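The values are calculated or read from the model by the stated rules, or taken from the named source; none is laboratory data. Please read all numbers here as calculations on a predicted model, not as lab measurements. Cβ placement follows ideal geometry from the backbone for every residue including glycine, while neighbour counts extend to all protein chains displayed.
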Amino acid sequence: MREKILVIDDDEKITSMLRRSLAFEGYEVAVARNGQEGLRQMLEEDPDLLILDVMMPHMDGWEVCRRVREAGSGVPILMLTAKDEVADKVKGLDLGADDYLVKPFALEELLARVRSLLRRTADKAGAAPQNRLHFEDVTLDLDTRQVTRNGKTIDLTTKEFELLHLFMQNPRRVLSRDIIMEKIWGYDYSGESNVLEVYIALLRQKLEEHGGKRIIQTVRGAGYVLRGE
């Protein structure tokens, strides 16, 4: 069966171009002109990937992304926007988007990101289930998306949870910035953005809030590692 992609964008030129280009690549494509229509089609179409514009009337892409994730859908989301500020990227990613592409974009780059997101989804589907991970006094439950440390619940955002999950899947292994950005955000780390550093600091703060020792260590010049002090 062909993989199905839902495009939600009010720009007719972009939706027309994406419909033709994605269909040419072998995907089944559905199009919605606004956020409300897009949410309805999400239920009807059950897409394998969502391409979502941010700036739309009535309901913007951020709200659509938030509602999709609140509904429990894990569909990969690629956000399209004219905004190129780090704060805007953080907002979209924090709401549960998987990748972020700034307009105007090169079609080949969009297609590469689509392939990457679909490949990552297929890899996760084929992986053996491991619903609860432990490292020292930290427990991460994938079914309930709950994290506890020494019995105390820690409230994490979507990206903080995914970041901790990646570390707990690779305990005592040094993860480079490039690897982390690719696994969590789906694009190559450019060295110009401090998004990763911000999220590491926030995650450390929450893990250490009740006196817990530092378990996410910085390896200077190499990346980060989950290990005891």
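Points worth noting:
- Test: ARG119 is modelled with pLDDT of 90 or more, under 17 Å from LYS4 (Cβ atoms) and out of contact with any Leu (no Cβ under 9 Å at 6 or more places or on another chain): no
Yes or no, residue by residue, for (1) under 30 Å from ARG145 (Cα atoms); (2) in contact (Cβ under 8 Å) with a residue 12 or more places away in the chain; (3) in contact with a strand residue (DSSP E or B) (Cβ under 6 Å, 6 or more places away or on another chain):
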{"residue": "GLY72", "(1), (2), (3)": "yes, no, no"}
{"residue": "LEU80", "(1), (2), (3)": "yes, yes, yes"}
{"residue": "GLU85", "(1), (2), (3)": "yes, no, no"}
{"residue": "ASP94", "(1), (2), (3)": "yes, yes, no"}
{"residue": "ASP99", "(1), (2), (3)": "yes, yes, yes"}
{"residue": "PHE105", "(1), (2), (3)": "no, yes, no"}
{"residue": "GLU109", "(1), (2), (3)": "no, no, no"}
{"residue": "ARG115", "(1), (2), (3)": "yes, no, no"}
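- Scope the range 87-115; condition of a type in the set (Gly, Ala, Ser), in a helix (DSSP H, G or I), surrounded by 10 or more Cβ atoms within 10 Å (Cβ to Cβ) and modelled with pLDDT under 90; matching residues: GLY92
- Qualifying positions in the range 1-34 - in contact with a Gly (Cβ under 7 Å, 6 or more places away or on another chain) and among the small types (Gly, Ala, Ser): ALA32
- Selection count, the range 40-49, where residues are among the acidic types (Asp, Glu) and assigned to a helix (DSSP H, G or I): 2
- Members of the range 22-46 found to be buried (at least 16 other Cβ atoms within 10 Å of the Cβ) and closer than 22 Å to GLU108 by Cβ, listed by number: LEU22, TYR27, VAL29, VAL31
- Number of the exception - LEU80 against (1) assigned to a helix (DSSP H, G or I); (2) closer than 18 Å to TYR100 by Cα: (1)
- Scan the range 11-39 for residues that are in a helix (DSSP H, G or I) and either acidic (Asp, Glu) or under 19 Å from GLY96 (Cα atoms) (or both) and the total you get is 6.
- Residue that is nearest to PHE105 (Cα to Cα) [pool: residues in the range 2-21 that are among the β-branched types (Val, Ile, Thr) and surrounded by fewer than 22 Cβ atoms within 10 Å (Cβ to Cβ)]: ILE14
- Residue ID - farthest from the chain's Cα centre (by Cα), chosen from residues in the range 47-59 that are buried (at least 17 other Cβ atoms within 10 Å of the Cβ) and without any contact (Cβ under 8 Å) to a residue 60 or more places away in the chain: MET56
- GLU63 in the same structural domain as LYS83 (by TED's automatic domain parsing) and more than 26 Å from ALA87 (Cβ to Cβ): no
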